[in-house]
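Beneath this line is the structure, given in C-alpha cells, with notes to follow.
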Amino acid sequence: MQYTGSQYIGEYVDGRMEGHAEYILPTETRYVGEMKDGVFHGQGTLYFPSGSQYDAIWENGLVVKGTYTFSDGLQYDAKNWHYCDTYDRRFYTEICHGLKPTGISQLTNVDPPRKIPKGCYDCGDGFYNPITRVVKDYNNRFLRNAEFSACFIAKKLAKRTRQSL
C-alpha cells in the first residue's frame, strides 16, 4: 500500500487481502465489499469522489455484472439508455422535475447552475482559469495544472458556445 498510495482496511489471509474490506485508492475512489486472494471478488461497490457508484459482482478482480448509478440517482442501463440521446435531449433533472418555463434555459444537469468565476470556463470537474492555467474544483481547491491542448480546447469551446447563444 505504501507504494501505490492506497489504503486497505480489512483482514489478511496468508499475506493477501481477504474477506469483507474497504480499499481506498489514491484518487479517493473507495471499494467496499468482498476480497479474495488480493482482488475484488464477490459483492462489492466502488464509490467515486463525484458521488456516483458502481455496484457489482466481481470474480477474480473482473466484473461479472454491475450497475452504475450517477450522483443524481440516474442509473445507467445499456439496453434501454435514453438519457440525453438524439430522441430526448432533456437533462435528468428536467425528466424528474419538469422543464423550465419559456425563456429560462437550463444549460447543464446541475440546477441551479454552478457559479463559475468571471473569465473562467467550466470543465466538468471544476473550472479552468486561463490566466493561471490551473483547474480548481467547484470548492476552489486545486485539481491540476492544465496542459496547452486543454487550454486551447476550453477557449475554443467557450467561444463556440458564446456564439451559439
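The values are calculated or read from the model by the stated rules, or taken from the named source; none is laboratory data. Fair warning: this is a prediction, and the values are worked out from it, not measured in the lab. Virtual Cβ from ideal backbone geometry, glycine too; neighbours counted across all protein chains shown. Heavy atoms of the whole protein, side chains included, go into the accessibility calculation; ligands, DNA and RNA do not. Shrake-Rupley method; radii C 1.70, N 1.55, O 1.52, S 1.80 Å.
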Taking the conditions exactly as written (at pLDDT below 85, of a type in the set (Gly, Ala, Ser) and over 28 Å from THR29 (Cα atoms)), does SER149 satisfy them or not?
no
Filter the range 92-113 for residues that are of a type in the set (Ser, Thr, Tyr) and over 19 Å from the mean Cα position of the chain (by Cα) and give the result.
THR102, SER105
Restricting attention to the range 42-58, does a residue exist that is outside any strand (DSSP E or B), of a type in the set (Gly, Ala, Ser) and in contact (Cβ under 8 Å) with a residue 24 or more places away in the chain?
yes
Could you grab me the full set of residues in the range 1-43 that are polar (S, T, N, Q) and exposed (fewer than 14 other Cβ atoms within 10 Å of the Cβ)?
GLN2, THR4, GLN7, THR27, GLN43
Quick test for you: out of CYS84, CYS96, pick the one residue that is more than 23 Å from TYR138 (Cα to Cα), in a helix (DSSP H, G or I), modelled with pLDDT under 90 and open to solvent by 40 Å² or more (accessible area, probe 1.4 Å).
CYS96
So which residues in the range 59-73 are outside any strand (DSSP E or B) and open to solvent by 70 Å² or more (accessible area, probe 1.4 Å)?
ASN60, PHE70, SER71
